[in-house]
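The values are calculated or read from the model by the stated rules, or taken from the named source; none is laboratory data. Treat the numbers as computed from the prediction; the structure is a model and nothing was measured. When we count neighbours, we look across all protein chains shown, and the Cβ atoms used for this are built from the backbone with ideal geometry, even at glycine. Ligands, DNA and RNA are stripped out before the accessible areas are found, and what is left, the full protein with its side chains, is counted by its heavy atoms. Shrake-Rupley method; radii C 1.70, N 1.55, O 1.52, S 1.80 Å.
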Amino acid sequence: DTEVTQTPKHLVMGMTNKKSLKCEQHMGHRAMYWYKQKAKKPPELMFVYSYEKLSINESVPSRFSPECPNSSLLNLHLHALQPEDSALYLCASSQVEGAGLEQYFGPGTRLTVT
Amino acid sequence: AQSVTQLDSHVSVSEGTPVLLRCNYSSSYSPSLFWYVQHPNKGLQLLLKYTSAATLVKGINGFEAEFKKSETSFHLTKPSAHMSDAAEYFCVVSEVNTGRRALTFGSGTRLQVQP
């Protein structure tokens, strides 16, 4: 089973709200990723977790706060977002963090900030 | 440094005709190369990957790609397009011997399939 699940599918939030995105995989992968994808663009890497520890933060604003409670779960906490943060947020996982390894993507959460 | 260039932002074919999506890469070391497909409002699905074994790689849904080191290319082909192939396709490179652990995405090619 190569499935990565994400909830919710859609999220609309105001600029003062706090919300969270959730990602789950049961493939035993030890690396998990958050990407942001704007319309008609490729995904942009935001964060990488390796063995539940934050490995890469691509200079993402602090209004995005990732969390990895265990090896199967990855959260992205959102607070005081801006309208330009509206995008498709994709979660991915790979066996371990390493070059040359394929990543498996979830279906994404479509976020709209009003 | 690694980079990838998808030579066409938009490709339109008729159903039943061959598909060719072009990708050139730049890599200092031995690259791993991938093709991903993204249907509208969906996540990315891995079509195929090259990791220095056979140069002709077969993927899912009848797609295949050939790694040509002399041309630094990794073009994606399919003999006969189906309506369900209409989607965005991303060529992706990952270098094995460098410290950069993330994937590098091309800008994408939108494939349209006409009936």
| query | Do we have B:S30 as at the interface with another protein chain (Cβ under 9 Å from one of its Cβ atoms), more than 23 Å from A:M46 (Cα to Cα), open to solvent by 60 Å² or more (accessible area, probe 1.4 Å) and in contact (Cβ under 8 Å) with a residue 24 or more places away in the chain here? | reply | yes
| task | May I ask you to verify whether B:V4 is modelled with pLDDT under 95, within 11 Å of chain A (Cβ to nearest Cβ), open to solvent by less than 50 Å² (accessible area, probe 1.4 Å) and farther than 20 Å from A:S94 by Cα? | result | yes
| note | Within the range A:93-114, residues in a strand (DSSP E or B), within 14 Å of chain B (Cβ to nearest Cβ) and not polar (S, T, N, Q) come out as A:Y104, A:F105, A:R110, A:L111
| request: Could you tell me which residue of the range A:29-45 is farthest from B:L103 (Cα to Cα), considering only residues that are free of Cβ contacts under 8 Å to residues at least 24 places away in the same chain and open to solvent by less than 60 Å² (accessible area, probe 1.4 Å)? | output: A:P42
| request: Kindly check whether there is at least one residue in the range B:44-55 that is without any contact (Cβ under 8 Å) to a residue 24 or more places away in the chain, basic (K, R) and away from every other protein chain (no Cβ under 11 Å). | output: no
| query | Is one or more of the residues making up the range B:103-115 within 14 Å of chain A (Cβ to nearest Cβ), touching a Gly at 6+ places or on another chain (Cβ under 9 Å) and closer than 14 Å to A:Q103 by Cα? | reply | no
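Somewhere in the range A:56-63, is a residue within 9 Å of chain B (Cβ to nearest Cβ) and touching a residue at least 12 places away in the same chain (Cβ under 8 Å)?
Yes: the range A:56-63 contains one or more residues that are within 9 Å of chain B (Cβ to nearest Cβ) and touching a residue at least 12 places away in the same chain (Cβ under 8 Å).
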| query | List pairs: first in the range B:62-76 and at positive phi, second in a strand (DSSP E or B) and modelled with pLDDT under 95, Cβ under 7 Å, 6+ apart or cross-chain? | reply | B:T72/B:Y25; B:T72/B:S26
| request: Considering only residues that are of a type in the set (A, V, I, L, M) and assigned to a strand (DSSP E or B), look in the range A:76-87 and name the one that is farthest from the other protein chains (Cβ to nearest Cβ). | output: A:L78
| Of residues in the range B:76-95 being open to solvent by 20 Å² or more (accessible area, probe 1.4 Å) and within 13 Å of the chain's Cα centre (by Cα), the one nearest to B:S28 (Cα to Cα) | B:T77
| query | Do we have any residue at all in the range B:37-49 that's loosely packed, with under 13 Cβ neighbours inside 10 Å and modelled with pLDDT under 95? | reply | yes
| task | Being in contact with a Pro (Cβ under 8 Å, 6 or more places away or on another chain) and more than 12 Å from chain B (Cβ to nearest Cβ) narrows it down to one of A:L90, A:L73, A:L21, so name that one. | result | A:L21
| request: Considering each residue of the range B:59-76, count those that are farther than 22 Å from B:K42 by Cα, modelled with pLDDT of 95 or more and in contact with a Phe, Trp or Tyr (Cβ under 7 Å, 6 or more places away or on another chain), and give that number. | output: 2
| Scope the range A:33-53; condition more than 13 Å from every other protein chain (Cβ to nearest Cβ) and either aromatic (F, W, Y) or within 24 Å of A:S86 (Cα to Cα) (or both); matching residues | A:Y51
